[in-house]
Amino acid sequence: MNISVILFYVIAVCILGAGLLAVTARQLFRSAIWLLFSLVGIAALYFWMQVEFIAAVQIIVYVGGIVVLIIFSIFLTEQSGAKMPSPPIKRKLPALLAVLFGILFTARLISQYFTSAADDHSFQASMQAIGRQMLSTTDFGFLLPFEAISFLLLAAMIGCIVIAMKPSQADIVSPQNAGE
Amino acid sequence: MNTVPLSHILFLSTALFFIGMYGLFTRRNMITMLMAIELMLNSVNINFVAFNKYLYPGKLDGLFFALFIITIAAAEAAVAIAIIINLYRTHRSIDVDDATDMKY
């Protein structure tokens, strides 16, 4: 039981605790902050697994981008201090049962098949290797998905602007008229 | 150095995935549902990186899958928040139970 193993379990408890609070917190803003802690914990897990590049991307994109976007949208749409109603038991109980059975079945599968896999410490994820393979045009290169995803990001960006744009006064149809 | 077996990382990501699923099932606020989906995507990323590191240490493909999933999650979150803001503008609420225009 060395320090690295202890570190893993500490990180795991942080991720799961923050995640659990993120899906159960009654206040929307607190929920977003717990999500932030959970995502930082996952970045720490990537650091622990020695994939520093993924950890950096996780921090930049999730913590710096998505959570900030979520907090912005909370401020734009709700009073951030208002409490959400607790979900009724008729919705909580089936969800809890489904989740418990899912965890049990998956844990059983994992304990059946992945017990012998141990780390042999030969894994190297250097920045050079990642960059070379990402932009390589030869076999096993990822240039095509890279380009495809750049188009996807452009499309998503334009789509967001179009969806969230304030309609001009002439286009506004009141909901009563639209329903007829 | 680290002697944590692969199965413990998989238990962690399984638990995180089902925590996200619980949030998706019980919450009715669109922003919290989006946050639950982000948790689920993250647990899948942990799986990809862990499998890459433990089972195929000579390759990098799992890392690329994780990178692309992170990118797509960013695009998805942006579009979802645009939709949420638009819904709030028309319905004054982001509760999915209130958006029943196309239900009947």
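Among the conditions (1) more than 30 Å from A:Met1 (Cα to Cα); (2) facing chain A (nearest Cβ under 8 Å), the only one that B:Thr3 does not satisfy is (1).
In this structure, is A:Val99 buried (at least 16 other Cβ atoms within 10 Å of the Cβ) and under 15 Å from the mean Cα position of the chain (by Cα)?
Numbers: buried (at least 16 other Cβ atoms within 10 Å of the Cβ): yes; under 15 Å from the mean Cα position of the chain (by Cα): no.
No, not satisfied.
Across region A:118-134, which residue is farthest from B:Gly58 (Cα to Cα) among those that are modelled with pLDDT of 85 or more and within 9 Å of chain B (Cβ to nearest Cβ)? Steps first, answer last, please.
So the first thing to find is which residues in region A:118-134 are modelled with pLDDT of 85 or more, and the list is A:127-134.
Those still in the list that are within 9 Å of chain B (Cβ to nearest Cβ) too: A:129-130, A:133-134.
Numbers: A:Ala129: 11, A:Ile130: 12, A:Gln133: 13, A:Met134: 16 Å.
Applying the filter and picking the extreme gives A:Met134.
When restricted to residues that are touching a strand residue (DSSP E or B) at 6+ places or on another chain (Cβ under 8 Å) and crowded, with 20+ Cβ neighbours inside 10 Å, region B:6-49 contains 2. Only one entry in A:Thr137, A:Thr115 is of a type in the set (Val, Ile, Thr), more than 7 Å from every other protein chain (Cβ to nearest Cβ), free of Cβ contacts under 8 Å to residues at least 24 places away in the same chain and assigned to a loop (DSSP other than H, G, I, E, B), namely A:Thr137. Summed over region A:51-88, residues that are in a loop (DSSP other than H, G, I, E, B) and at pLDDT 90 or above total 1. Against the numbered list (1) more than 7 Å from chain B (Cβ to nearest Cβ); (2) in contact with a strand residue (DSSP E or B) (Cβ under 9 Å, 6 or more places away or on another chain), A:Ile71 comes up short only at (2).
Taking the criterion of being within 10 Å of chain B (Cβ to nearest Cβ) and among the aromatic types (Phe, Trp, Tyr), the residues of region A:32-68 that qualify are A:Trp34, A:Tyr46, A:Trp48, A:Phe53, A:Tyr62. Every condition in (1) under 16 Å from B:Ser7 (Cα atoms); (2) more than 7 Å from chain B (Cβ to nearest Cβ); (3) of a type in the set (A, V, I, L, M) is met by A:Leu97 except one, and the failing one is (1).
The values are calculated or read from the model by the stated rules, or taken from the named source; none is laboratory data. Note that this is a predicted model, so its numbers are computed, not measured. Glycine gets a Cβ as well: all are built from the backbone with ideal geometry, and neighbour counts include every protein chain shown.
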